[in-house]
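Throughout, read-outs are computed from the coordinates displayed, never taken from laboratory work. Remember, it's a predicted structure, so these values are computed and weren't measured experimentally. Cβ placement follows ideal geometry from the backbone for every residue including glycine, while neighbour counts extend to all protein chains displayed.
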Amino acid sequence: MLDDGHDLRRDGVDVVVGYLEPHGRKDTIAKAEGLEIVPRRKQEYRGAAFEDMDTPAILKRRPRVCLVDEFAHTNVPGSERAKRWEDVEVLLAAGIDVITTMNVQHLESLNDQIRQITKVRVRETIPDWVVQQANEVVMVDLPPEALLNRLRRGAVYPPEKAEKALANFFTESNLTVLREFALRQTAHEVDARQAVEEPAAPPSPCPGDDGPARITPPRQTDRILIYVTDHPLSAMLIRRGKRVADYLRADCFAVAVRPELDPREVPADRREALARHLSFARNLHIETRTLLGGDVARTLVEFARQQRVTQIYLARPQAGPRLPFVGRDLVQQVVRLASDMQVTVVAERRPHAEGRRQ
């Protein structure tokens, strides 16, 4: 990012550093020399002082390009926006181009898989659609052993922090998996962008026929329905269904079913949990619907058929009490009623060790 900033500056482009977090790395600090840096904004929270990116100051300065480190960062509580990527959206809307940095584990759709493999729940995430709207995504590939050598030499963190990192998240096995995720994600992005850019092939003529071309009917477009409840598993199901929808370039619905009763009869905590999950789905650019119906399976399948849905996603916990409306009976009913659709029942997969947060 800093190298690109210097290249732009040499080409006469007005570029500034909106935020840089060098973590005390001397080589990173040295690379920033010669670039204009917008001072950070200082904020207080619970008696402590914090520094964050000063978005209003960048807007006032109005550079052509702004360099923004740590795209997935969570802003200090009380800020105008909760996440740094939301600040970047504001800069882009103002006509300021942004070059930023992130790690593959911060991609929202990979959150459950990252937790399953690394035993760490990454709390700072970025919706996939935010990354997909970038004009260019550059993957910085570093073999795990090379990064481990940098950690051991103290080139990434101070010795005490590096030792802790090596024993936890930054193990060789974790880094190998993360690298594989990054490579797969890059390949998917390349395929998706090529599919958008390639013109449609002209219809092929019939063999030995100089007459009208034979037109092949288009393949049916995939459409995915995710059944959302107030249970915590719904967040995992939304991420899974949305990732599949992105790979298939399919339309996606997040659907809740409310029984035919007064909403006030449903406990407040359950109503709030369902509202959070639907809001989460909307943040991922999934179309949400709340249906009214006493027969959940029939209500879901009738809606799916009206919307020409091809896949239905249901969640079922690995153990413990059944989910509201997502027990074995509902699954069997949906499978029976939706015989012309693919029904995927996703079980919860817990890490073998107690999950840690990052």
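Here the Karplus curve 6.51 cos²θ - 1.76 cosθ + 1.60, taken at θ = phi - 60°, turns the phi angles of the range 33-48 into couplings of 5, x, 9, 5, 10, 6, x, 6, 8, 9, 9, 9, 8, 6, x, 10 Hz, with x standing for Gly and Pro.
Mind running the shape call on the range 46-118? Use the C-alpha gyration tensor, a ≥ b ≥ c as the square roots of the eigenvalues: rounded below 1.5 for a/c, prolate if a/b tops b/c, oblate otherwise. Verdict is oblate for the range 46-118.
Placing +1 on the Cβ of every Lys and Arg and -1 on the Cβ of every Asp and Glu, with no other charges, gives the range 1-100 a dipole of roughly 280 debye about its Cα centre. Assuming a ≥ b ≥ c are the square roots of the Cα gyration tensor eigenvalues, decide whether the range 2-101 counts as rounded (a/c under 1.5), prolate (otherwise, with a/b larger than b/c) or oblate. The shape class here is oblate.
Sorted ascending by nearby beta carbons within 10 Å, beginning with the fewest, Asp69, Asp251 become Asp251, Asp69.
Residues whose amide H lies under 5 Å from that of Val17, counting only those 5 or more places away or on a different chain, are Glu36, Ile37, Val38, Leu67; hydrogens are built 1.01 Å from N in the peptide plane. Counting neighbouring beta carbons within 10 Å and listing from fewest to most, the residues His277, His6 come out as His6, His277.
In percent, rounded to a whole number, the relative contact order of the range 223-348 is 31, using alpha-carbon pairs under 8 Å and six or more apart.
Expressed to the nearest 5 percent, the antiparallel share of DSSP beta bridges inside the range 2-101 is 40 percent.
Assuming charge only on the beta carbon of Lys and Arg (+1) and of Asp and Glu (-1), the dipole of the chain about its Cα centre is about 1180 debye to the nearest 20. Counting only DSSP beta bridges whose two residues both lie in the chain, roughly 20 percent are antiparallel.
Between the listed residues Leu175, Ile29, Val266, the Cα displaced farthest toward the positive end of the dipole of the chain, a dipole computed from Cβ unit charges relative to the Cα centre, is found at Val266. Calculated [222 nm] ellipticity per residue, helices only, for the chain: -12000 deg cm²/dmol; basis is -39500 (n - 2.57) per DSSP H run with n ≥ 4, divided by all residues, nearest 500. Here the range 241-310 has an Rg and Dmax of 13.3, 40 Å, counting Cα atoms alone. For Gly293, the amide hydrogen comes within under 5 Å of the amide hydrogens of Arg258, Glu260, counting only partners 5 or more places away or on other chains and with H modelled in the peptide plane. When restricted to Cα atoms, the range 223-348 yields an Rg and a Dmax of 13.4, 40 Å, respectively. In terms of other Cβ atoms within 10 Å, Asp97, Asp54, Asp141 run from fewest to most in the order Asp141, Asp97, Asp54.
Calculate how large, on average over all directions, the projected area of the Cα convex hull of the chain is; give the answer in nm² to one decimal. One quarter of the hull surface, i.e. the mean projection, equals 25.7 nm².
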